[in-house]
Amino acid sequence: MASNGSLSFENELFSKFAFYAAIVLLKTLVMSVWTARHRIPRRVFPAPEDYTFFNAKSPTATIAFDAQVERIRRCHLNDIENVIPFILIGLFYVLTGPDVNTAVLLFRVFAGARILHTLVYLNGIGQPFRAIIWSAGYGVCIFMTIVVIKAGSY
Amino acid sequence: MASNGSLSFENELFSKFAFYAAIVLLKTLVMSVWTARHRIPRRVFPAPEDYTFFNAKSPTATIAFDAQVERIRRCHLNDIENVIPFILIGLFYVLTGPDVNTAVLLFRVFAGARILHTLVYLNGIGQPFRAIIWSAGYGVCIFMTIVVIKAGSY
Amino acid sequence: MASNGSLSFENELFSKFAFYAAIVLLKTLVMSVWTARHRIPRRVFPAPEDYTFFNAKSPTATIAFDAQVERIRRCHLNDIENVIPFILIGLFYVLTGPDVNTAVLLFRVFAGARILHTLVYLNGIGQPFRAIIWSAGYGVCIFMTIVVIKAGSY
């Protein structure tokens, strides 16, 4: 595999990055539907008009909590905090002319870690597994960020 | 209209994408000010030092809720979860060499859906309108993501 | 300093943008670890399995709050709402062919404002300092967004 250092699908490295970026973004997007799918049977909605529509009893407090819905939402927020930085910094990282094999390995580790992280989080698998898996994805982001800072500081 | 497949304003497709991306991002940014504008008359602030500054009585609980402020914040978070993925995946999508008319139509549907979604959400217009409008924007993101995954998987 | 209008590290303007974008993204990423670092001694965790692992008493309510942890999380969310839009719009802004000195000044103001904002927020320094500093970063984003809308509307 080779990189011509441009943002284009003719650049094999960019093409691989686009693939993994889209995979993790798709996973992030699916969290929205996953939240909704659990809100409906559990009758926990974000707005009063939702209670009206589903003919559900509105809670007395302003906001209702359901442990499983909140778990999915935290997992979604964790994606926002990790997947979006990955895609942003990855765009810059691809342009720093990294070793192609190292770069693709990083993208794979990140994508794998995020998919595992979701499975572990949603199923409430005990710690320290979630923390360890999260760290793998986080480490990839931090590494790429430092490479970009170095590349941009000349 | 034509596309030369590059990330540059000389590429008409990129230029259109930049326009709609900036419009929806501006809408997202405005949510911050909109939240603040409702916090002040309703005396509901995020930090204790804000209560001191506005000479307002601090709530006994750590966090105070106000239905309208929370509504705007949820709408803002919904933007973060949808508008940012749209801009990220759109950058890749523009490079996949899509049919230009289809692509511009998708950008318009997304921008229109997000503006309508905000109006419907902030005014508490009954369901299923919010869900239908949200789906239009979501569908655009999912479609573009799948096109990028395909383009990157060769 | 000069700009050749491309997204490449050979473009001095892009290189500067990459540098400041990576700095503010690094700061945003660090917030995750900062939250965890405060969760552990305060025994306030996001999921029941975390309580089990740390041998901590689970709260009776579904969600536990701790003023300092919530402060760091709000600061993190504020970064998500501001730093990510800055990087996204900056990518387009660099391509509009801005005056290079103005552009670099904007990147520096944004980066400085976000670092100061974090220090002021985490230490609970009284208002209106946090609002003023936040406005500086916000103003940079709004200005760049308007330049991009103009560039894309031809």
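Heavy atoms only, probe 1.4 Å: what % of the accessible area of the stretch A:12-152 goes to carbon and sulfur, would you let me know?
Carbon with sulfur: 65 percent of the solvent-accessible area.
Would you kindly find the accessible area of C:LYS150, with a 1.4 Å probe and non-protein molecules such as ligands, DNA and RNA excluded, rounding to the nearest 10 Å²?
Surface open to solvent at C:LYS150 totals about 130 Å².
Counting only residues 5 or more places away or on other chains, whose amide H sits under 5 Å from the amide H of B:GLY124 once H atoms are built in the peptide plane?
none
Would you check the accessible area of C:ARG42, probe 1.4 Å, heavy atoms only, in square angstrom rounded to 10?
110 Å²
Sort out for me the Cα centre separation of the stretch C:96-114 from the stretch B:112-154, rounded to whole Å.
If we compute the Cα centre of each part, the gap is 32 Å.
Suppose accessible area is computed on protein heavy atoms with a 1.4 Å probe; arrange C:GLU10, B:GLU12 from highest to lowest.
C:GLU10, B:GLU12
Using a 1.4 Å probe, how large is the accessible area of C:THR96, given in Å² and rounded to the nearest 10?
Spelled out: C:THR96, probe radius 1.4 Å, area about 40 Å².
Can you give me the Cα centroid spacing of the stretch A:12-45 and the stretch C:17-41 in angstrom?
Between the Cα centres of the stretch A:12-45 and the stretch C:17-41 lies a distance of 23 Å.
Starting from the Cα gyration tensor of the protein assembly as shown, take the square roots of the eigenvalues, sort them a ≥ b ≥ c, and report rounded, prolate or oblate (rounded when a/c is under 1.5, otherwise prolate if a/b is larger than b/c, else oblate).
Rounded is the answer for the protein assembly as shown, as its axis ratio a/c remains below 1.5.
So, R0 is 25 Å and r is the distance between the beta-carbons of A:LYS57 and B:ILE115; what FRET efficiency does that work out to, to 0.05?
Using R0 = 25 Å, I get an efficiency of 0.15.
What is the magnitude of the charge dipole of chain B about its Cα centre, with +1 placed on the Cβ of each Lys and Arg, -1 on the Cβ of each Asp and Glu, and no other charges, expressed in debye to the nearest 20?
For this selection, approximately 500 debye.
Over 18 Å between C-alpha atoms is what I'm after, so list which of A:LYS150/C:LYS27; A:LYS16/C:LYS16; B:LYS16/C:LYS150; C:LYS16/C:LYS150; A:LYS27/B:LYS27 land there.
A:LYS16/C:LYS16; C:LYS16/C:LYS150; A:LYS27/B:LYS27
Extending each Cα 7 Å along its Cβ direction at A:ALA2 and A:SER153, get the distance between those two points in nm, one decimal.
About 3.2 nm separates the two model spin labels.
Roughly how much accessible area, to the nearest 100 Å², goes out of reach of solvent when A and C pair up, both sides summed, probe 1.4 Å?
2800 Å²
Using R₀ = 22 Å, calculate the FRET efficiency as 1/(1 + (r/R₀)^6) where r is the Cβ-Cβ separation of C:ASP66 and B:ARG37; round to 0.05.
Calculated value: 0.15.
Just which residues of the stretch C:2-21 lose 50 Å² or more accessible area with every protein chain there, against their chain alone, with the probe set to 1.4 Å?
C:LEU7, C:PHE9, C:PHE19
With every protein chain left in place, what is the accessible area per residue of chain C in square angstrom, probe 1.4 Å?
42 Å²
Can you tell me the orientation of helix A:100-122 relative to chain A, as the angle in degrees between its alpha-carbon axis and the longest Cα principal axis, to the nearest 10?
The two axes meet at around 10 degrees.
The values are calculated or read from the model by the stated rules, or taken from the named source; none is laboratory data. Not measured: the values here are computed from a predicted model. So basically every Cβ, Gly included, is an ideal-geometry build from the backbone, and we count neighbours across all protein chains shown. Remember, those area values only see protein heavy atoms, side chains included, never the ligands or the DNA or RNA. Shrake-Rupley method; radii C 1.70, N 1.55, O 1.52, S 1.80 Å.
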